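Report on the structure given below.
The values are calculated or read from the model by the stated rules, or taken from the named source; none is laboratory data. Predicted, not measured: the structure shown is a model, and the values here were computed from it. A quick note on method: Cβ atoms are made from the backbone with ideal geometry, for glycine too, and the neighbour counts reach across all protein chains shown. Surface accessibility is based on the protein's heavy atoms, side chains included, excluding ligands, DNA and RNA. Shrake-Rupley method; radii C 1.70, N 1.55, O 1.52, S 1.80 Å.
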Amino acid sequence: MSARDQFFNSDGGTAGIGLGIEIGESSTSQVGRGVYNATTVPMTNASSWRNGQTNTATKTTPTAIATTTASQLVAVKQTPLESVAEDEEDLDQMDALSNLPPRDAVDIEFRDLSLTVKLGFNRGEKEILHNVCGKFPGGQLIAIMGPSGAGKSTLLDALSGFKTTGVDGSILLNGRRRDLPSFRRMSCYITQDDRLQPLLTVSENMHIAADLKLGENVTYEEKERRIEDILLLLGLYDHDQTLTMRLSGGQKKRLSIAMELINNPTVMFLDEPTTGLDSSSCTKVLELLKRLTSQGRTIICTIHQPTAKLFQIFDQVYVLSAGNCVYQGGTQKMVPFLHSVELPCPMYHNPADYIIELACGEYGFDKIDTLKSASENGSCLTWFNDPGSVLRAETLMRKHPIPRRKKNVSMENTSFMNQCSVLLRRGYIKARRDTTMTHLRIIVNIAVAVLYGAMYDRSGREGSRVLDNYNLLFAILMHHSMTTMMLTVLTFPIEMTILIKEHFNRWYSLKAYYFALTLIDLPITLLSTLLFTVIIYLWSYQPLEWVRFWMFFAISLLIVFVGQSIGLIIGAWFDVVNGTFLAPVLTIPMMMFAGFGVTLRDLPSYLKWGSHISHLRYGLEGFIAAIYGLNRGTLACDEAPYCHYRYPKKFLEEITMRGDQFWKDIIALCVMMFIFRLGAYIVLKAKIKSIR
């Protein structure tokens, strides 16, 4: 019998990780079980191997290894000495975990699941998942593995409900067909990239999550107790006053998990939780997830290619290749499974690496078909750790009664007013610390006002500089429109990623988010616009009349709101690159129809409609009404012997604008602002729906 046959046919232990590490205990340890036994290190859990908790029996010389006796083998399997510090840390973590209420385990089963996506306009469709089946028992840590493009994230999106378009097949919860709204209330989805508020501290993020996910009915003391327990459990308690942007990758990943643990979900989905982390952080994250399953939670995560140490932490693995299942079962059963299909794992090779190589087709694509047939595309349950304990759908239905149906249950856990209140509080904290949206915005408005004031000093009262003042009014108009529009286009796509995650996890409704977004920006907009208006209005010597000043300020404010609304529409649908290109391109026609370069009278008849949809036209006309309307008197003519536009009426006739259209301009800008704001909300809602 060869060494490989001796290894696979041995009675003691479970061969698996790294082909040279034995998992579990064996009461039938015998001498002469081949070369593997003499070099095997006992591993009862991942931490024992990581911490080097092996006794001196494993450090024998080759001669001693060759002459190992039965008594020595028994000595090897003695319980290793534990570190006192490690014991205390584990005890603290288990105490914190015990304060989280346990959950009833939920079995997830899917049958003939397929998912089709559209490739684009007139480019057809592509099927990503091909009628795969699978069963994820409750209370386990389950890994979805596979090479890039195999459909791991797609399967996770379909199971979590993040993707609903193009999904076909059956998804069962405890034997019954999944009710998506109810399932979303008991589950959470943690994305691959850590979508966190960078300007909030760990504690602030946790308190915002608690207020939104637990609601106003839970007492402050209970929220504080739960936050403290979770931060202790995840090792973030000492960093609770650290800004999220200053956390390490592993800490950000743990914070993402902590925020979703607030409402104690039964099912957790994680997309590539170990991506971008070092080996130590990966181990900590996965061991944390493993501990969370001990209370009945079902945790499903995608992982690309785990090391042998990480692979052992999982209870079950589901391997995909080109949208098909090539293995489903326990991590300890993978090596025997590969041996049963005559694809034995090479000696001292990580089984996780080997099955990924098989799934990539490195050993031939016929091997993929062999694995798919052996696993029956996910229907085979033979290779589970305990196949006899896996319950069928009918048994699960009898075991779990039909849940009581509640009428008119909101997807969110809190009321609309509470959502708005919490989001406004979060927005205020962000606004105070945001150097771009707040500090830099105010500084830029002041700096541009000073620059314009120096260039157009005293132009507002001098009859010989009316055209200069006209140019100044148009420059002010473009400043208000473009700065707010481009600022929103550049910053909102980043906010969109956070919105998509939090909205899917039922933190708040889209209406509450949009309402808070609109209100929180009002004070900053008012302040920056007022500072700009005061500086430029006084420096350029515009008429010192309160009525004209407030008319000027009102037009400035409305132009800022309209520009911001257009920026929201573009930023909600397009990414930063496309939005940065599109925003100026759309502004150019608005400039042409504003009546600045070409007067409204000289516009061709077939283009006059453009002047009615240009917000810049109404803004310029409003500025003209504020400065030169209301029957303004004769201008001074001190800097030139002749002033052609000394009489404002003559200038108004020249540019074909009347000075009595101010209120029509105000109404037109208000209507445009309302339409664009409503359009931004519709686009935002459509964008979220299109992703799903």
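Pairs meeting the criteria (first residue in segment 641-657 and within 20 Å of R617 (Cα to Cα), second residue surrounded by fewer than 14 Cβ atoms within 10 Å (Cβ to Cβ) and not basic (K, R), beta carbons under 7 Å, at least 6 apart or on different chains) are I655/T599; T656/T599. The helices (runs of 4 or more DSSP H) located wholly in segment 502-578 that include 3 or more residues which are open to solvent by 20 Å² or more (accessible area, probe 1.4 Å) and either among the polar types (S, T, N, Q) or within 20 Å of A475 (Cα to Cα) (or both) occupy 522-539, 546-573. Within segment 167-222, the set of residues being crowded, with 21+ Cβ neighbours inside 10 Å and part of a strand (DSSP E or B) comprises L173, S187, C188, Y189, I190. Residues in segment 312-342 that are at positive phi and open to solvent by 10 Å² or more (accessible area, probe 1.4 Å): A322, E342. All conditions but one from (1) part of a helix (DSSP H, G or I); (2) within 30 Å of F515 (Cβ to Cβ) apply to S464; the one that does not is (2).
Any chance segment 269-285 includes a residue that's assigned to a strand (DSSP E or B) and crowded, with 19+ Cβ neighbours inside 10 Å? Write out each step before concluding.
Taking segment 269-285 first, the residues assigned to a strand (DSSP E or B) are 269-270.
Checking which are crowded, with 19+ Cβ neighbours inside 10 Å leaves us with 269-270.
Looking through segment 269-285, at least one residue is assigned to a strand (DSSP E or B) and crowded, with 19+ Cβ neighbours inside 10 Å.
Selection over segment 109-129 of residues that are modelled with pLDDT of 90 or more and either touching a helix residue (DSSP H, G or I) at 6+ places or on another chain (Cβ under 8 Å) or open to solvent by less than 50 Å² (accessible area, probe 1.4 Å) (or both) gives a count of 8. When G120 is tested against (1) within 30 Å of G427 (Cα to Cα); (2) assigned to a loop (DSSP other than H, G, I, E, B), just one condition goes unmet, and that condition is (1).
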